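So the structure is just underneath, and the comments pick up after that.
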Amino acid sequence: MVSYQLIKEAGDEGTLDSPGKNCVLPIDGGSGGDVESALQKMNQSSPRMISGSNNGDNAVSRNSSARLVSLDVFRGLTVALMILVDNAGGIFPAINHSPWNGLTLADFVMPFFLFMVGVSLGLVYKNMSCRAAATKKAIRRALKLLILGVFLQGGYFHGVNNLTYGVDMEQIRWMGILQRIAVAYLVAAMCEIWLRNNEKVCSGLSLLKKYQWHWALPLMLTAIYLLLLYGLYVPDWKYQIPYGASSNAKIFMVRCGVRGDTGPACNAAGMIDRMILGVQHLYRKPIYARTEQCSINSPDYGPLPPYAPSWCQGPFDPEGLLSTVMAIVTCLIGFQYGHIIVHFKDHKRRLFLWLVPSSGFIVLGMLFDIFGMHINKALYSVSYTCVTTGVAGILLATIYLAVDVYGCRRFTMVLEWMGKNALLIYILVACNILPLIAQGFYWRHPDNNILTLIGIRKQAH
């Protein structure tokens, strides 16, 4: 049976083999098996910790290489959150993505996915005998995610109100959720494969020393992001509606001529995407169309108000190139949390090393926001990265304590299953493939289908 897993596919490598070479990724304490077979043993039991005794610690030592159920539960919870905000966000705009600055429930989904990619990578490459084979497999997996993302989110499918399909290659959308995950996964995997040393880890300080280049890279990426976001000059730009060649197209001119602007119209992130990808290849339902300047129903989509700015209908990709730089940083920080699992077997030690930096990230992010570097999901701002990563770390620690330490799995079995099959669920539900399949079966007229019966087509935009 094929296992479809969004973050697990990007994180759990299993064996690393290549023709003519015996490149196997072993695990500590194993008996020659690969990662997948050994990790599956964790599904049979979960260690418990009894306060004041060593029973829990010994259990962790015996199962140090076993699968942590909390990782699947975390992924499943993120998938459930994604489904909730996708389907209820139109009804309750307060939980939908923030129109620009600010943080809502929906804004946690993407960083949670990226964070878990990083955590998984921290576990996968802990013992590696063949870097070349690992590199080849990581590139192949990233390409699969990238191609799948373009197919699902590039415009090939026309939505639940349309039985047609196909996309004009001159207007295909190149970036998207899976594409961003693919890029972040590949960069993080290369970092984990090639930028490591043989330092022994016995404390938090030695952990930092062993993975010093793993911390240097996100700092460098953050510096590049800030330099480009606040240093690039953004000239005037234009777009047309309808998109593509049309004699009736209306041209909209957006006046900028600024530097360091982080508003919807004149930020450097949008300019980079327009210059490199092309304005015709960007997302055409920009999140800022829900701002008060652009919608009379703000924070929901709605008709344009009188004297709306010219940029309100301009394309903008929330998974653009510059914002993906900080998405990579989230992934890189995530596998530091995975390293803690690898090098520390004591429950209390793991929780301490997770909670302290997580709290620090949240405080740092809030300070950035207070001093003008606002929390912004569309730009994937530094403050947004810090806050969401900190919340992800605290949530991971909470789930780990409940599921892997105390063994409370009765109420998390559904989430665990969702976490193991995240990619399949994402394709069928979040990408509307299941509704598209369902509406293809109708009675006499395309409008007479099950989606119309239950009201989905009427609510779809």
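Every number in this text was worked out from the coordinates using simple rules, so none of it is lab data. Values in this document were obtained by computation on a predicted structure and should not be read as measured data. Backbone-built Cβ (ideal geometry, glycine too); neighbour counts: all protein chains shown.
Table for the structure above
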item: LYS238 long-range amide H proximity, modeled H, under 5 Å; result: VAL254
item: In the stretch 382-422, trypsin sites (Lys or Arg not before Pro) in a DSSP loop with at most 12 other beta-carbon atoms within 10 Å; result: ARG410
item: Karplus-derived 3J(HN,Hα), 6.51/-1.76/1.60, for each residue of the stretch 281-294, Hz, glycine and proline x; result: 9, 9, 5, 9, 10, x, 5, 6, 5, 9, 6, 5, 5, 10
item: Under the Karplus curve 6.51 cos²θ - 1.76 cosθ + 1.60, θ = phi - 60°, whole-Hz ³J(HN,Hα) for the stretch 133-141, x wherever Gly or Pro sits; result: 5, 4, 5, 4, 5, 5, 5, 4, 5
item: Integer Hz, Karplus 6.51/-1.76/1.60 couplings in order for the stretch 273-278, x for Gly and Pro; result: 5, 5, 6, 8, 8, x
item: Loop-located chymotrypsin sites (Phe, Trp or Tyr not before Pro) in the stretch 356-402, at most 13 other Cβ atoms within 10 Å (DSSP); result: PHE371
item: Residue-count net charge about ASP317 - beta-carbon cut-off 14 Å; Lys, Arg +1, Asp, Glu -1; result: +4
item: Cross-link pairs beyond the 30 Å C-alpha cut-off, checked among LYS209/LYS377; LYS210/LYS377; LYS144/LYS377; result: LYS209/LYS377; LYS210/LYS377
item: Amide H contacts of TYR283 (H built 1.01 Å from N, under 5 Å, at least 5 apart or other chain); result: PHE316, ASP317
